[in-house]
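See below for the structure under consideration.
The values are calculated or read from the model by the stated rules, or taken from the named source; none is laboratory data. Worth saying up front: this structure is predicted, and the values here are computed from it rather than measured. In this analysis, Cβ positions are derived from the backbone assuming ideal geometry, glycine residues included, and neighbour counts consider all displayed protein chains. Accessible surface is based on the protein model in full, side chains and every heavy atom, while ligands, DNA and RNA are left aside. Shrake-Rupley method; radii C 1.70, N 1.55, O 1.52, S 1.80 Å.
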Amino acid sequence: MRAGQGQASADQVTLVPGIEVALLSLDLPGRLRGQAREQVARRQLADRMGLSEEDTAMRPFARPGEADRWTGVFLMARERLDAWRGLAGRAVLPDYLALPTAEDVWTVAHDPETASVQVRLGPGDGFSAAPAVTLALLERALAETPPPAGILRLGAPSEALDAWLRDTAIPVTQSGEEIAALGLPEPQTLAHGELLCDLRNDPLAARARLARQVLPWRWPLLLAGLTVLLWSAAQLIAIDRLDTRREAVATATRDLVREHFVPTGPILDIRVQVSRALAERRSAATGDETGDDPIALAGRVAEVIARSEAQPEEISYTRAGGLTLVLRLPDFAAAERIATLLDEAGIAATVAESRARENAAGVRSTFQIGDAGARP
């Protein structure tokens, strides 16, 4: 529906005179996006045409997939755009965008009511002009771009326009079906993203509104981010200090162990090696024939048992028999695993007895530990 002919419904498109909306092509850098791209486009228009922003308005002509890579712009008087902002309808478009079009197909329509000719030079270009101006623009388009494979002629007759069309070597048809018969895509109306070009939309103003909405949250978010950054830095410094101190303590401990307990050989398990060295020194000092202090030996055995699935039931010591350890185990194989663990810890251990428990699941195993237990 044309503007001024009534109130458009929510599903209708309102058309404004295309003579008042020029579609121009600009040479814009591909890396520019958003507001920067619009600013460069406005600067190019000002340099090329000498028009001020107070008197003219610009809208990007962004086809589908070209949200940040558009090169075409609509240019119109600002007062006309202000008058169109209040128009109803699904979109407000220049009248030439309502023509059906397809790739490699031009569409030309004469409208006596507006005394103008609407032209669509494919999905990415178009204009509206008086008949005399239209012929000059068509001649220029043929000179600057490859000619189309077909022209769709719509609207009322126009003697000058029809004569020009007859003089061209391009096939001229009267319907989309005839275009399709030439092996070309059938022209479609509003099927090339035209509804995205609603003249009432101002991307620059929308971004400005969004910036004003986000601005109150900017400083609190920045402060919160700075706080998290400082806290993270402090934690990293503290962790680094702890790592340094841990390495220093570990180095000092190894030096002491090397000096006093393990003068030769590798230091693999400081706790076990120091315990063994202390036990040997106690044995040498007391003259104990078994070679192990029973208290120290029991402590070493307890460390191994604590790392297993065994449950201690009884532990006893005699000078003749050494340590006797009674454990509750889940099965007979567990007794062998315990004996192996004790042996790996440097403790001689023999399974003296293993039997199933009465009225309970599992096994009750007795271990002889020490030199006496090591005898077959």
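Odds and ends about this structure:
- Residue list for segment 357-369, filter: out of contact with any Asp or Glu (no Cβ under 8 Å at 6 or more places or on another chain) and closer than 17 Å to residue 309 by Cβ: 357, 360, 361, 367
- For beta carbons closer than 7 Å, sequence separation of 6+ or different chains, a first residue in segment 67-92 that is under 15 Å from residue 197 (Cα atoms) and a second that is acidic (Asp, Glu), the qualifying pairs are 76/20; 90/11; 91/198; 92/198.
- Inter-residue pairs, beta-carbon under 6 Å, first closer than 13 Å to residue 272 by Cα and in segment 337-351, second part of a strand (DSSP E or B), 6+ apart: 342/349
- Filter result for the condition that a residue is modelled with pLDDT of 85 or more, under 30 Å from residue 321 (Cβ atoms) and among the acidic types (Asp, Glu), over 303, 280: 303
Yes/no per residue for (1) outside any strand (DSSP E or B); (2) at positive phi; (3) open to solvent by 60 Å² or more (accessible area, probe 1.4 Å):
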| residue | (1), (2), (3) |
| --- | --- |
| 301 | yes, no, no |
| 304 | yes, no, no |
| 316 | no, no, no |
| 328 | no, no, yes |
| 333 | yes, no, no |
| 337 | yes, no, yes |
| 340 | yes, no, yes |
| 350 | no, no, no |
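- Unmet criterion (only one of (1) in a loop (DSSP other than H, G, I, E, B); (2) more than 25 Å from residue 145 (Cα to Cα); (3) free of Cβ contacts under 8 Å to residues at least 24 places away in the same chain) for residue 36: (1)
- Of the residues 264, 251, 227, the single one that is part of a loop (DSSP other than H, G, I, E, B) and loosely packed, with under 11 Cβ neighbours inside 10 Å is 264.
- Of the residues making up segment 206-214, not a single one is at pLDDT 90 or above and surrounded by fewer than 16 Cβ atoms within 10 Å (Cβ to Cβ).
- Single residue of 161, 182, 135 found to be more than 26 Å from residue 70 (Cα to Cα), in contact with a strand residue (DSSP E or B) (Cβ under 8 Å, 6 or more places away or on another chain), aliphatic (A, V, I, L, M) and surrounded by 17 or more Cβ atoms within 10 Å (Cβ to Cβ): 161
- Note on segment 101-153: enclosed strands (runs of 3 or more DSSP E) holding 1 or more residues that are among the β-branched types (Val, Ile, Thr) are 105-111, 116-120.
- Segment 64-117 - residue that is among the polar types (S, T, N, Q) and open to solvent by 10 Å² or more (accessible area, probe 1.4 Å) and, of those, farthest from residue 133 (Cα to Cα): 71
- Matching option when the condition is open to solvent by 50 Å² or more (accessible area, probe 1.4 Å), of a type outside the set (A, V, I, L, M) and in a helix (DSSP H, G or I), among 31, 43: 43
- If only residues of segment 7-26 that are in contact with a strand residue (DSSP E or B) (Cβ under 9 Å, 6 or more places away or on another chain) and of a type in the set (Gly, Ala, Ser) are counted, the one that is surrounded by the most Cβ atoms within 10 Å (Cβ to Cβ) is 18.
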